[in-house]
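Participant: One structure coming up, written as structure tokens, with questions to follow.
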Amino acid sequence: VHMDFDREIMEKQGYGTYTPLKPARSGKGPDYYIAYNSRAAEGTEVIHNNLRYRCENGDTQIIEAMKGFARLTDDFRTAMEDADTDKMNRIIDANFDLRQSVMNLNPLHVKMINTAREAGASAKFTGSGGALIGIVRGDEGFDRLKEALEPMGCVVIKPEIVYEENS
């Protein structure tokens, strides 16, 4: 789902615009993975309360980062529609890099990202931290990722994504 939280839209309707995403014309998306470490999970309030405070108080670094996240989201949608997996990988990595540039992150979470990247996968947080999402290259890439992350206590799964024909 592509989520647009444009300020005008939010003020007008009280919520963002949510658009279901479809795979590229080929009908098959890239090889996504999800990895998580249940012992490393953090509640969203740990990270996001400080961000809201900083944004509401005019922190230009956070305001510019939020604009950057919005651009990355739009760019990812286009790359997904174009089946440009290389661009999707770059955007996934850029998302995490932008987050890291404006936030103090849990060192274990950063190690998970770096380990996934060293194994050849793109990696970003699925949310606040403790879980990753990215793209691997085929079954061999998935196996390499599992071998790298499982010793850290991570569970690595390959989600089955089902797209509705009429969405």
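The values are calculated or read from the model by the stated rules, or taken from the named source; none is laboratory data. Everything numeric here is computed off the predicted structure, so don't read it as measured data. Note that we place each Cβ from the backbone using ideal geometry, even for glycine, and neighbour counts take in every protein chain shown. Calculation scope for accessible area: heavy atoms of the full protein, side chains included, ligands and nucleic acids excluded. Shrake-Rupley method; radii C 1.70, N 1.55, O 1.52, S 1.80 Å.
Participant: Of everything in segment 1-15, what is open to solvent by 100 Å² or more (accessible area, probe 1.4 Å) and assigned to a helix (DSSP H, G or I)? Give them in sequence order.
Facilitator: R7, E8, E11, K12
Participant: From (1) open to solvent by less than 60 Å² (accessible area, probe 1.4 Å); (2) at pLDDT 85 or above; (3) assigned to a helix (DSSP H, G or I), pick out the condition that doesn't hold for R54.
Facilitator: Only one criterion is unmet by R54, namely (2).
Participant: Can you pull out the residues in segment 144-153 that are of a type outside the set (D, E) and either open to solvent by 60 Å² or more (accessible area, probe 1.4 Å) or modelled with pLDDT of 95 or more (or both)?
Facilitator: R144, L145, K146, A148, L149, P151
Participant: Inside segment 89-143, can you point out the residues that are of a type in the set (G, A, S), in a helix (DSSP H, G or I) and either open to solvent by 50 Å² or more (accessible area, probe 1.4 Å) or touching a helix residue (DSSP H, G or I) at 6+ places or on another chain (Cβ under 8 Å) (or both)?
Facilitator: A94, S101, A116
Participant: Taking A35 as meeting all but one of (1) modelled with pLDDT under 60; (2) closer than 30 Å to G138 by Cβ; (3) open to solvent by less than 40 Å² (accessible area, probe 1.4 Å), write down the number of the exception.
Facilitator: (1)
Participant: Kindly list the number of the only condition in (1) open to solvent by less than 30 Å² (accessible area, probe 1.4 Å); (2) on the phi < 0 side of the Ramachandran plot that fails for M66.
Facilitator: (1)
Participant: Please identify the pairs in which a residue from segment 55-67 that is among the polar types (S, T, N, Q) has its Cβ atom under 7 Å from the Cβ atom of a residue that is surrounded by 10 or more Cβ atoms within 10 Å (Cβ to Cβ) and outside any loop (DSSP other than H, G, I, E, B), counting only partners at least 6 apart or on another chain.
Facilitator: Between residues of segment 55-67 that are among the polar types (S, T, N, Q) and residues that are surrounded by 10 or more Cβ atoms within 10 Å (Cβ to Cβ) and outside any loop (DSSP other than H, G, I, E, B), the close pairs are Q61/V102.
Participant: Now a separate question. Identify all residues within segment 60-111 that are aromatic (F, W, Y) and either more than 16 Å from I135 (Cα to Cα) or in contact with a Gly (Cβ under 8 Å, 6 or more places away or on another chain) (or both); write none if there are none.
Facilitator: Matches in segment 60-111: F69 only.
Participant: Sticking with this one: Would you check if T78 is closer than 24 Å to T17 by Cβ, open to solvent by 40 Å² or more (accessible area, probe 1.4 Å) and within 13 Å of the chain's Cα centre (by Cα)?
Facilitator: no
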